[in-house]
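Values quoted throughout were computed directly from the atomic coordinates according to the rules given, and no laboratory measurement underlies them. Everything numeric in this text was worked out from a predicted model, so none of it was measured. Because the Cβ atoms are built from the backbone with ideal geometry, glycine has one as well, and the counts that use them run over all protein chains shown.
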Amino acid sequence: MAFLSGLGPRITGRQLRMAGLEVAPEDLAHATLPARVGILTNGLAEQYQREGQTPFALQDGIAVIEISGVLVHRGAWIGRSSGQTSYEGIAAQLAAAASDPMVRGIALEIDSFGGEVAGVFDLADAIRAARASKPVWAFVAEHAFSAGYALASQADLIILPRTGAVGSIGVVVMHADLSGQLSDAGVTVTLIHSGAHKVDGNPYQPLPEPVRARIQAEIDSIRALFAQTVAAGRGRRLTAEAALATEAECYRGADAVAAGHDIALLSQPRVIHSTVDPDPGLARILAPRIFRFQMLLQTDGLPPFAVSRPQ
């Protein structure tokens with residue numbers, strides 16, 4: 001009833017009264033959420049903080065942020081909802097973790113095949129900027145493709161299980177020509193428009209070659225930005241030219257390392273092949289997650305990781 005009392009005014013534009021039912025004031029206040037301003041504010045994190053909570057999992061001073069499923073630009077929620085995670089929610093978690101004095105490191109747990117272009121590069125820049133104040137690790141569990149890799153590539157260190165996979169540095173756009181199907185069904189669609197390009201790419205007629213060429217040029221430009229973003233995150237370890245040379249290929253396990261992706265490969269239990277020293281706190285937090293995905297259920301008191309450096 002408290003939920004209906006809070007939702008009712010948003011639907012009807014006025015307060016609802018329920019005959020014979022009384023809703024406690026504290027319940028009504030909790031159900032009636034403030035209006036959202038949008039991505040220009042950090043409203044999501046503030047809402048959690050008003051309730052005395054953090055918008056991320058916190059363990060031993062490490063903020064753990066899950067990035068999984070289909071990645072979308074807008075979404076007023078924290079974490080995954082109906083198989084989607086929003087850049088808006090991740091950005092709120094990241095900003096809260098970066099400014100929280102109790103947080104000394106950030107762990108990104110990524111399992112995504114990608115998502116929308118809109119918003120991903122701004123979030124990638126924010127992840128890279130957070131590294132200036134706190135270490136950021138990305139654990140791929142077990143896929144970081146396309147937009148998922150754009151975000152993973154901005155971490156100080158990327159950890160990949162033996163069966164994990166990364167890559168797909170590319171862009172895809174789909175056009176469906178339904179004109180033949182509609183014609184067979186006896187349906188004729190007439191688009192009345194003002195502006196020569198207003199209906200470019202519509203599904204009711206074949207895609208004209210000039211429109212196709214313009215779309216191709218646009219996604220080529222976005223792919224170049226993708227490669228530049230990856231290079232900004234990996235530094236000299238993976239250049240924009242090398243990222244483009246992958247031709248959006250996906251790589252699994254050791255093949256990702258061989259292809260030039262700057263990754264710490266969990267090639268054996270408790271052994272990371274890396275060129276950097278792992279932060280002990282982040283290592284301790286990520287250890288149970290790595291072991292869970294690798295089905296390593298036995299503990300014997302050994303340190304979580306041993307670092308093997310290339311010779």
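Peptides 169-182, 93-106, ordered by how many other C-beta atoms sit within 10 Å of their residues on average, highest first, read 93-106, 169-182. A simple packing score, the average count of other Cβ atoms within 10 Å per residue, orders the peptides 76-86, 152-162, 128-138 as 152-162, 128-138, 76-86, with the highest score first. Across every direction, the projection of the convex hull enclosing the Cα atoms of the range 80-137 has a mean area of 4.2 nm².
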